[in-house]
Structure formats: C-alpha cells, structure tokens
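None of the figures in this text is laboratory data; all of them are computed from the coordinates on show. Predicted model, so just to flag it, every value in this text is computed and none were measured. Methodologically, a virtual Cβ is constructed for each residue, glycine included, from the backbone with ideal geometry; neighbour enumeration extends over all protein chains shown.
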C-alpha cells in the first residue's frame with residue numbers, strides 16, 4: 001500500500017489537500033494532522049514533508065513572506081491515483097464495463113499503475129489489454145486518467161449483453 005511507506009504522511013496529505021485548491025499554509029499541516037488524530041511527532045512529520053518534496057510531490061512556495069505547501073502535478077496524480085484505488089461496491093445494474101487500452105511502451109510505469117487501478121476497482125482481465133467489471137470506475141479514477149493523459153489510449157464501454165458471461169457472473173457473485 002502506497003500510504004504506509006511514509007508512516008501515514010501521504011495519507012494525511014490525501015485528506016488535507018483539496019485538488020481544486022492545492023495549497024496549504026506551511027504551519028497548518030502538522031496542526032491539522034494532530035486534530036485528525038494522526039499520531040505524528042513533529043520531527044517525523046517534517047521528515048515526511050521533506051521526503052514528499054524530494055519525490056516531487058509537493059513544493060514549498062513563499063507568498064507575501066509566508067511559506068505554503070503546494071501540490072505539484074505529480075502530487076495531484078499521486079493523490080488521485082490513491083483515491084481512485086478506493087473502490088465502493090454498488091448494486092449491479094445489469095451492464096458490463098469493458099476497458100480496452102493500448103498504452104505505449106514508453107509509458108510502462110503509467111500502464112502498470114493503470115492495471116493496478118483497474119484491479120483495485122473490481123476489474124478482471126478478460127484478455128490482453130481488455131478488462132471487465134460489473135461496476136463503473138469511480139470519479140477519481142476517471143480524473144486520474146484525464147490528468148495523466150492516459151485517457152487518449154483508453155476506451156471504456158458499457159454493454160448490456162455479453163455472450164458466455166456465466167463465469168464472470170459467478171466470479172463477481174452476480175445473479
């Protein structure tokens with residue numbers, strides 16, 4: 001799980017940042033995390049911020065003499081990807097979601113992240129570069145695909161009939 005690597009720091013940032021306004025005051029993150037009952041020592045939290053900055057997920061900016069933490073585009077993608085992996089089960093509407101993709105080799109890392117995203121959203125591999133699920137991708141997953149630029153290599157279909165879907169229905173415990 002990506003969030004455990006920094007002792008919950010990234011998890012705090014996922015909760016903390018609003019992607020429409022990805023800037024927060026420098027002094028407030030630690031106070032905010034403590035209010036949310038995150039048990040961080042100040043030193044640990046500052047080390048986490050330093051690591052996130054070194055990874056290019058955030059940057060420290062100064063405005064009017066005050067310091068702020070700002071999400072970079074890479075940080076926004078990271079948060080969207082983390083949120084997109086949180087799948088919520090909804091009742092099946094009788095339609096299958098089929099995702100076809102052809103992501104170039106130079107985007108291998110993003111392609112692997114995309115496969116992980118599909119699996120974490122209850123998609124199973126039907127054949128090479130084709131995944132299927134009875135459930136739609138969540139809004140964060142679609143936002144991630146748009147922001148990362150992967151959407152141009154992907155087609156998402158909703159179909160109401162599929163031949164020989166008995167095994168799939170059994171796999172997803174559908175009637």
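Summary table below
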{"quantity": "Per-pair calculated FRET efficiency, R0 = 45 Å: residue 128 and residue 62 via Cβ, rounded to 0.05", "calculated": "0.35"}
{"quantity": "Proportion of all alpha-carbon pairs of segment 89-171 beyond 15 Å (%)", "calculated": "56"}
{"quantity": "For segment 124-165, diffusion coefficient by Stokes-Einstein and Kirkwood Rh (Cα), 10 °C, 1.306 mPa s, µm²/s", "calculated": "134"}
{"quantity": "Segment residue 164-residue 73, extension gain: residue separation times 0.36 nm, minus the distance between their alpha carbons", "calculated": "28.5 nm"}
{"quantity": "Computed log₁₀ I(q)/I(0) - Debye formula, equal Cα scatterers, no solvent, segment 36-175, q 0.21, 0.22 Å⁻¹", "calculated": "-1.26, -1.34"}
{"quantity": "Between segment 134-148 and segment 58-105, the alpha-carbon center distance in angstrom", "calculated": "8"}
{"quantity": "Chain lengthening between residue 102 and residue 175 when straightened (0.36 nm per residue, less Cα-Cα)", "calculated": "23.1 nm"}
